[in-house]
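As structure tokens, the structure follows; a few thoughts come after it.
What follows is calculated from the coordinates using simple rules that are stated; it is not laboratory data. The shown structure was predicted, so the numbers you read here are calculated from the model rather than taken from an experiment. As a convention, Cβ positions derive from the backbone with ideal geometry for all residues, glycine included, and neighbour counts pool all protein chains shown.
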Amino acid sequence: MQWRQEPGGVLMADAPHGASIKECMEELFEYIESYLIPKNASVDCSYIRVEIWFDSGDIVVYPASLNTRERREKAVCLVTFADLLERSDELLDTLEARQANGDLKEGDELFDSIAREEIKKWASFQPVSKPL
């Protein structure tokens, strides 16, 4: 992946179609260790939060604290996975078509259920590097 520095301490990369999830996540963990943690050394941090934003294909990593709900990080790592975004778009198209046909009702939890199953594929890796 090609990493780039964005304003506000955001280090970003794009994982192209067909990229190995495992390899990309291992690389992300290397950047968490070499960039995210040192840049946030002065931030009150209880844990590192990892969010999967299914609808945008992003995996976002930042320090978080049990002492406050406010985000006070000085740096963030963000990877956009083209395959995750594409799958999200496919699911949305399918659900919109089903909704147009009357197959889905208001409050149907089908999308959430499918999204959770998809996210499991992206979150079921085991990092090979040492614990941070």
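Multiplying the sequence separation of Q99 and D44 by 0.36 nm and subtracting their Cα-Cα distance, what value in nm do you get? Could the numbers behind the result be given before it?
Details: separation 55, 0.36 × 55 = 19.80 nm, distance 4.50 nm.
In short, 15.3 nm is gained.
On the principal axes of its Cα set, how long, how wide and how thick is the stretch 3-123? Give whole Å, largest value first.
For the stretch 3-123, the Cα spread along each principal axis is 53, 35, 25 Å.
Just want the ordering: E26, E96, from fewest to most Cβ atoms lying within 10 Å of their own Cβ. Could the numbers behind the result be given before it?
Numbers: E26 15, E96 12.
Ordered by Cβ neighbours within 10 Å, fewest first: E96, E26.
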